[in-house]
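Note sheet for the following structure.
The values are calculated or read from the model by the stated rules, or taken from the named source; none is laboratory data. Small disclaimer: the values here were computed from a predicted structure and weren't measured. Don't worry about glycine lacking a Cβ; one is built from the backbone with ideal geometry, like all the others, and counts go over all protein chains shown.
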Amino acid sequence: MGRSQVSTGQNCMALLIHLGQSQTKRYFHMTNETPEQEQTDGFNLVIDALKLNDIDTIYALPGIPITDLTRKAQAAGIRMISFRHEQHAGNAAAAAGFLTQKPGICLTVSAPGFLNGLTALTNATTNCFPMILISGSSEREIVDLQQGDYEEMDQLAIAKPLCKAAFRVLHAEDIGVGIARAIRSALSGRPGGVYLDLPAKLFSQTMEAEAGKRSLIKVIDPAPRQIPAADAVKRALDLLKGAKRPLIVLGKGAAYAQADADIRALVEKSGIPYLPMSMAKGLLPDTHEQSAAATRSYVLAEADVVMLVGARLNWLLSHGKGKTWGTPSSTKFIQIDISPTEMDSNVPISAPLVGDIGSCVSALLGGIGSDWAKPPAEWLQAIGERKDKNMAKMAATLALNPAIMNFHSALNVVRNVVKANPEAVVVNEGANTLDFTRSIVDMYLPRKRLDVGTWGIMGIGMGFAVAAAVTTGKPVIAIEGDSAFGFSGMEVETICRYNLPICIVVFNNNGIYKGTDVNPLGGDVAPTVFVKNARYEMMMQAFGGVGVVANTPAELAKAMEEAVASGRPTLINAIIDETAGTESGRITSLNPQSAAKKK
Ligand code: OXT
Ligand code: ADP
Ligand code: MG
């Protein structure tokens, strides 16, 4: 059926509604259609298109104009996880995308719901996670003339600069194409967030069911392998062979790629020490003898050849230059990335290796034969010595049992619980709570750590936790600063409603960074300070989950072990010494005053 026929059909349908049921037969006669021809509509086409592409879950928040879509999708067998705020539905979709290599779907209402989801969409794009934000929208004709429609907003124009791609579907017969384009855009090349605008009128548009079915597209090979060029592989291998102090940096792109066995083989066969970026922890177990995580500053400053695998030279790696990299920096870089324009973004890349990580790593492995010389012993020994020293220091700190629980004594418990449950997914946000958890809690398996990512964004906690529980079915442990938790705390109701195996530990130090700031003028409390001794555990109790206060490591251990064993939604209010944190955790130097002093 052509586009003009749909609108003719639509007009006729409107006429029909006006004339009443008795006119139905005449309508079909007039349009040369038989009454027996089965019809479909926009609702069903959206659902069928998603199902055809193996989308089994939607993270949503219902309302006009998508309420019926959520009901119908659920009735059609798609799991509908309904949130309390769109940002968290969006974060869940993003995390689902990262964990499964299928675009996570977030579904929102128009203008305000769309905007609430947009932060998550942009964050997903920033982090290279595939997701699709589908929003209902108001009538185009009214929006474009700015005549004040219900929730009026030109959503497509707003989304466009903030995500990887944005599309709008105006006709039922184009739904299949719209969804196919969204899926392919989210997954191919560098993954990212895609916006799909579905105006309210689209859902009730009808078309002949058989033609509707034919209009749907099953996306074949949405993330095609990108094989690196042979000369690029040779260039990288030659550089690695000549290195005296080589280092591999694994980023979250490497975790996303699901090339776990080959990545491990490359590290082990090459014998090169490696440094995992935060969300790449566990790609190889953090206890691996080649891990240089415990001597990060040293290896970054001293390495002469660094091979980046799915990690960008952004702020988290000090842009590949400056003090972190030794002065003057003589480091040479090999970079494996699917995005060719990532090369030379901050410093020259001596050996760019453009392709998908699976293909690049397996090509490199092909060049590492029995004649491969492991890195010089002095380099490995120097790393080993520093690592041992730092780990011994860490062990001593963890063994302390201060009168008031602090980050270390609490995280020593978390570390042991994660060690005993390596399949659990750890979600982590905060400042001190984030930074201490990253270095203290070892990860043992790939894609088991989800955190604030490239933006250092607060608010991912509950959305990521829900997606982790839904997509993996494994226990989830969310280690949350008390400020961080506040951004998505209302989703504890969602967690209870779906009875998800999530154990939230709120590191309660009465505020942002710490709870001791004072307003010099008196009156209001300082901007970083919260209500003292807040009872976060009662939030979980309010919805039927388990809420516990932990004042000591023993209490924390008991509560966490019970939570993981029972799988019941649990919130542990872990009371942390309010003096223990530092301003902005490990990134104090980025605060303008500290940065100015440094200059
Ligand atoms: O080698 P060196 O000597 O350097 O030592 C390193 C390792 O070698 C060593 N290490 C080990 N030693 C021994 N054993 C082991 N196993 C081991 N492992 C490592 O330890 C050190 C440190 O290692 P690390 O961490 O790997 O290295 P380093 O140098 O820290 O790495 C640098 C970075 C930059 C890669 C790293 O620091 C990093 O990834 N940082 C991310 C930081 C980040 O993103 N922070 C979040 C943002 S902060 C701020 O913006 C906040 N806000 C504002 C806000 C935000 N963000 N978002 C929104 C929407 N609105 C507002 C807010 C509101 S944080 C925040 C809330 C904070 O309050 P909370 O109550 O939530 O939290 P608390 O602070 O707990 O109160
Ligand atoms: P981290 O924060 O862990 O350092 P980044 O998010 O900075 O990681 O970098 C991830 C990189 O991985 C991005 O540049 C992205 O293009 C790349 N990437 C993602 N998936 C793949 C893949 N399958 N193959 C190759 N590169 C990928
Ligand atoms: Mg705090």
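For the range 300-317, how many residues meet the condition of being within 15 Å of ligand 2 (Cβ to nearest atom), crowded, with 16+ Cβ neighbours inside 10 Å and assigned to a helix (DSSP H, G or I)?
Taking the range 300-317 as the starting set, the residues that turn out to be within 15 Å of ligand 2 (Cβ to nearest atom) are 300, 306-317.
Within this subset, residues satisfying the condition of being crowded, with 16+ Cβ neighbours inside 10 Å are 300, 306-313, 317.
In the following step, the residues that additionally are assigned to a helix (DSSP H, G or I) were identified as 300, 317.
Qualifying residue count for the region: 2.
Look through S359, S339 and report the one residue that is in contact with a Gly (Cβ under 9 Å, 6 or more places away or on another chain), of a type in the set (S, T, Y) and either within 30 Å of Q101 (Cβ to Cβ) or buried (at least 16 other Cβ atoms within 10 Å of the Cβ) (or both).
Result of the check over S359, S339: S339.
Can you say whether R447 is over 19 Å from L571 (Cα atoms), within 13 Å of ligand 1 (Cβ to nearest atom), among the charged types (D, E, K, R) and touching a residue at least 12 places away in the same chain (Cβ under 8 Å), as far as the supplied structure shows? I'd like the intermediate steps shown before the answer.
Details: over 19 Å from L571 (Cα atoms): yes; within 13 Å of ligand 1 (Cβ to nearest atom): no; among the charged types (D, E, K, R): yes; touching a residue at least 12 places away in the same chain (Cβ under 8 Å): yes.
When the stated conditions are applied, R447 does not pass them.
With respect to S339, is the statement that it is farther than 25 Å from W455 by Cα and more than 16 Å from ligand 1 (Cβ to nearest atom) true?
Against the criterion (farther than 25 Å from W455 by Cα and more than 16 Å from ligand 1 (Cβ to nearest atom)), S339 does not qualify.
Search the range 97-117 for residues being within 16 Å of ligand 2 (Cβ to nearest atom) and part of a helix (DSSP H, G or I), and hand back the single one that is surrounded by the fewest Cβ atoms within 10 Å (Cβ to Cβ).
Going residue by residue through the range 97-117, those that are within 16 Å of ligand 2 (Cβ to nearest atom) are 97-104.
If we keep only those that are part of a helix (DSSP H, G or I) too, we end up with 97-100.
Values: G97: 29, F98: 26, L99: 23, T100: 18.
Per the stated criteria, the residue is T100.
Only one of E555, E493, E583 is of a type outside the set (F, W, Y) and within 16 Å of ligand 1 (Cβ to nearest atom). Can you tell me which? Give the derivation first.
Values: E555 fails: within 16 Å of ligand 1 (Cβ to nearest atom); E493 fails: within 16 Å of ligand 1 (Cβ to nearest atom).
That would be E583, the only listed residue that is of a type outside the set (F, W, Y) and within 16 Å of ligand 1 (Cβ to nearest atom).
Which is more than 16 Å from ligand 3 (Cβ to nearest atom), among the aliphatic types (A, V, I, L, M) and either under 19 Å from F98 (Cβ atoms) or surrounded by 24 or more Cβ atoms within 10 Å (Cβ to Cβ) (or both), of V476, V506?
Only one candidate qualifies: V476.
Hey, which of the helices (runs of 4 or more DSSP H) in the range 160-227, taking only ones fully inside, have at least 3 residues that are surrounded by fewer than 18 Cβ atoms within 10 Å (Cβ to Cβ) and either in contact with a helix residue (DSSP H, G or I) (Cβ under 9 Å, 6 or more places away or on another chain) or not charged (D, E, K, R) (or both)? It would help to see each step written out before you state the result.
Details: elements: 175-187, 200-204, 209-215.
Hits in the range 160-227: 209-215.
Could you give every pair whose Cβ atoms fall below 6 Å, whose first residue belongs to the range 357-368 and is in the same structural domain as K269 (by TED's automatic domain parsing) and more than 12 Å from I263 (Cβ to Cβ), and whose second residue is at pLDDT 95 or above and not in a helix (DSSP H, G or I), counting only separations of at least 6 or pairs across chains?
Between residues of the range 357-368 that are in the same structural domain as K269 (by TED's automatic domain parsing) and more than 12 Å from I263 (Cβ to Cβ) and residues that are at pLDDT 95 or above and not in a helix (DSSP H, G or I), the close pairs are S359/R225; S359/I227; A363/P228.
I'd like the residue in the range 557-588 that is under 19 Å from I477 (Cβ atoms) and within 16 Å of ligand 3 (Cβ to nearest atom) and, out of all such residues, is surrounded by the most Cβ atoms within 10 Å (Cβ to Cβ). Show your work before the answer.
Here is the first cut: in the range 557-588, the ones under 19 Å from I477 (Cβ atoms) are 557-576.
Restricting the remaining residues to those that are within 16 Å of ligand 3 (Cβ to nearest atom) gives 571-576.
Numbers: L571: 31, I572: 28, N573: 25, A574: 33, I575: 21, I576: 27.
Among those residues, the one meeting the criterion is A574.
Provide a single number: the residues in the range 118-152 that are at negative phi, touching a residue at least 40 places away in the same chain (Cβ under 8 Å) and part of a loop (DSSP other than H, G, I, E, B).
Looking only at that region, the number is 6.
What tally of residues in the range 502-525 results from selecting those that are of a type in the set (S, T, Y) and over 32 Å from the mean Cα position of the chain (by Cα)?
1
Can you name the residue in the range 318-335 that is touching a residue at least 24 places away in the same chain (Cβ under 8 Å) and β-branched (V, I, T) and is also surrounded by the most Cβ atoms within 10 Å (Cβ to Cβ) among such residues? Lay out the reasoning, then the answer.
Step one: of the range 318-335, the residues touching a residue at least 24 places away in the same chain (Cβ under 8 Å) are 319-321, 324-326, 330-335.
Okay, now just the ones that are also β-branched (V, I, T), so 324, 331, 334.
On the way: T324: 15, T331: 19, I334: 26.
Going through the qualifying residues, I end up with I334.
Give the range 418-432 a look and list any residue that's among the small types (G, A, S) and touching a Pro at 6+ places or on another chain (Cβ under 9 Å), or say none.
A424
Among the residues of the range 443-453, is any over 14 Å from the mean Cα position of the chain (by Cα) and more than 16 Å from ligand 2 (Cβ to nearest atom)?
The answer is yes; a qualifying residue exists.
Per-residue answers, yes or no, for (1) without any contact (Cβ under 8 Å) to a residue 12 or more places away in the chain; (2) assigned to a loop (DSSP other than H, G, I, E, B); (3) surrounded by 22 or more Cβ atoms within 10 Å (Cβ to Cβ); (4) under 25 Å from the mean Cα position of the chain (by Cα):
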position: A396; (1), (2), (3), (4): yes, no, no, no
position: P402; (1), (2), (3), (4): no, yes, no, no
position: L411; (1), (2), (3), (4): no, no, yes, yes
position: R415; (1), (2), (3), (4): no, no, no, yes
position: K419; (1), (2), (3), (4): no, no, no, yes
position: E423; (1), (2), (3), (4): no, yes, no, yes
position: T433; (1), (2), (3), (4): no, no, yes, yes
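Report yes if I47 is assigned to a strand (DSSP E or B), touching a helix residue (DSSP H, G or I) at 6+ places or on another chain (Cβ under 6 Å), touching a residue at least 24 places away in the same chain (Cβ under 8 Å) and surrounded by 21 or more Cβ atoms within 10 Å (Cβ to Cβ), otherwise no.
No: the conditions fail for I47.
Count, please, the residues in the range 247-281 that happen to be more than 13 Å from ligand 1 (Cβ to nearest atom), closer than 11 Å to P446 by Cα and assigned to a loop (DSSP other than H, G, I, E, B).
Qualifying residue count, the range 247-281: 3.
Just for the range 589-599: of the residues that are in a helix (DSSP H, G or I) and polar (S, T, N, Q), which one is surrounded by the most Cβ atoms within 10 Å (Cβ to Cβ)? Before the answer, list the steps.
Narrowing the range 589-599 to residues in a helix (DSSP H, G or I): 589-590, 592-598.
Checking the rest, the ones that are also polar (S, T, N, Q) come to 589, 593-594.
Values: S589: 10, Q593: 9, S594: 13.
The selected residue is S594.
For R438, are the conditions met, namely being at pLDDT 95 or above, away from ligand 2 (no atom under 16 Å from the Cβ) and either closer than 21 Å to V546 by Cα or not β-branched (V, I, T) (or both)?
no
Of all residues in the range 336-356, how many are of a type in the set (A, V, I, L, M) and either without any contact (Cβ under 8 Å) to a residue 24 or more places away in the chain or part of a loop (DSSP other than H, G, I, E, B) (or both)? Full working, then the answer.
First, the residues of the range 336-356 that are of a type in the set (A, V, I, L, M): 336, 338, 343, 347, 349, 351, 353-354.
Then drop every residue that is not either without any contact (Cβ under 8 Å) to a residue 24 or more places away in the chain or part of a loop (DSSP other than H, G, I, E, B) (or both), which leaves 338, 343, 347, 349.
Residues in the range 336-356 being of a type in the set (A, V, I, L, M) and either without any contact (Cβ under 8 Å) to a residue 24 or more places away in the chain or part of a loop (DSSP other than H, G, I, E, B) (or both): 4 in total.
Answer yes or no as to whether S297 is more than 13 Å from ligand 2 (Cβ to nearest atom) and not in a helix (DSSP H, G or I). Give the derivation first.
Details: more than 13 Å from ligand 2 (Cβ to nearest atom): yes; not in a helix (DSSP H, G or I): no.
Criteria not met by S297.
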